[in-house]
Amino acid sequence: MRTHTTLIAAGALAALALYWSLAPGEAPAPPPQKEDPDLFAFVRSMEGTRPDGNLVAAGETLVVDAELGHLFDYYLAGLGEKPLAAIRSQIELELERRLAPAPAREAKRLLGAYLAYKQALAGIEQALAPSGDALQAAQARLQAMRALRPTYFTAQESAGLFGLDDARDDDAVARMAVLADGTLGEEDRRRKLAALDAALSPAQRFERDAPLQVSALDDAVRALRAQGGGDNEVYRLRAATFTPEAAARLAELDREESHWQQRIIAWRAQKATLGAGDAATLQQLTNTLFSPDEQRRLGAYE
């Protein structure tokens, strides 16, 4: 679950949770290096989720990129359920778990700078003059945000942590400006928007187009199965749309979902035969069919 927040929401990215690491030309996301005994138990709303951020170090040097900010923001989303001091401690433990001592120390230093920056940014945003003009408000926020960063980060650190977000924000604000420009005719507006489309990087273009591509693929898979298509046909369709690795990953997800539904059906059927006084028997049945993490999902099937 990515809690990373930008000026303009990327839109529909939640639908890509299973697909994002499987973009054409990319290998599937690597498995975690260590088994997580309890991913985020001290914040109830995130129980069973895996922290964001694929941290990387080159030898003893931390690679400062957007993934580090994703990790920070994942835990900071727990504010309100836990105090900042507790969340900061948890982030530091996660950094120590994932990184060697030297890069972990550098990441902790950046965490302190990141928290101070976020706190200062919140104060600046509150002080910004209210504006009924959405474009003007967005531009003012961007200017204030970027003017603040040199106080806390080097230019290289800012580029690593915020470069991708800045590119998205600049594109979004440029599109807002085109759409808000009342002097443009429809043809000029289409031409300017097309120029912005052409300037997108491959990653930005994939991010923009992927939700529609995913939705279209899901529709195609349902239609194929309705026509009698089997797993091999579905695999070939997915491989042609994404990659063979993606198709294999999605086939595995299909098998997991099918197994889950079979267990739900068996659990419901056996539960229906038990009386109100058979709580212990029901719990034994539940423990047999589902892991503790899976049991947290059963409330939706009551």
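The values are calculated or read from the model by the stated rules, or taken from the named source; none is laboratory data. As the structure is a prediction and not an experimental result, all values here were calculated from the model. Don't worry about glycine lacking a Cβ; one is built from the backbone with ideal geometry, like all the others, and counts go over all protein chains shown.
Worth a mention:
- Residue within the stretch 179-195 that is modelled with pLDDT under 90 and either assigned to a helix (DSSP H, G or I) or touching a Gly at 6+ places or on another chain (Cβ under 7 Å) (or both) present: no
- Scanning the stretch 82-117 for residues that are in contact (Cβ under 8 Å) with a residue 24 or more places away in the chain, exposed (fewer than 14 other Cβ atoms within 10 Å of the Cβ) and either within 21 Å of Gln156 (Cα to Cα) or of a type in the set (Lys, Arg) (or both) gives Arg97, Ala102, Ala116.
- Boolean, Ala266 is of a type outside the set (Asp, Glu), in a helix (DSSP H, G or I) and either over 27 Å from Met46 (Cβ atoms) or at pLDDT 85 or above (or both): yes
- Matching option when the condition is out of contact with any Gly (no Cβ under 6 Å at 6 or more places or on another chain), part of a helix (DSSP H, G or I) and modelled with pLDDT under 90, among Glu125, Glu157, Glu92: Glu125
- Residue under evaluation Ala138, criteria (1) touching a residue at least 60 places away in the same chain (Cβ under 8 Å); (2) among the hydrophobic types (A, V, I, L, M, F, W, C); (3) under 29 Å from Asn54 (Cβ atoms), criterion not met: (3)
- Entry remark, the stretch 130-169: residues being exposed (fewer than 14 other Cβ atoms within 10 Å of the Cβ) and of a type outside the set (Val, Ile, Thr) number 13 in total.
- Any hit, the stretch 271-291, residues being among the β-branched types (Val, Ile, Thr) and exposed (fewer than 11 other Cβ atoms within 10 Å of the Cβ): yes
- Options Leu250, Leu285: the member that is touching a helix residue (DSSP H, G or I) at 6+ places or on another chain (Cβ under 6 Å), free of Cβ contacts under 8 Å to residues at least 24 places away in the same chain and aliphatic (A, V, I, L, M): Leu285
- Looking across the stretch 206-256, the residues that are among the polar types (S, T, N, Q) and either in the same structural domain as Leu164 (by TED's automatic domain parsing) or assigned to a helix (DSSP H, G or I) (or both) come down to Gln213, Ser215, Asn232, Thr241.
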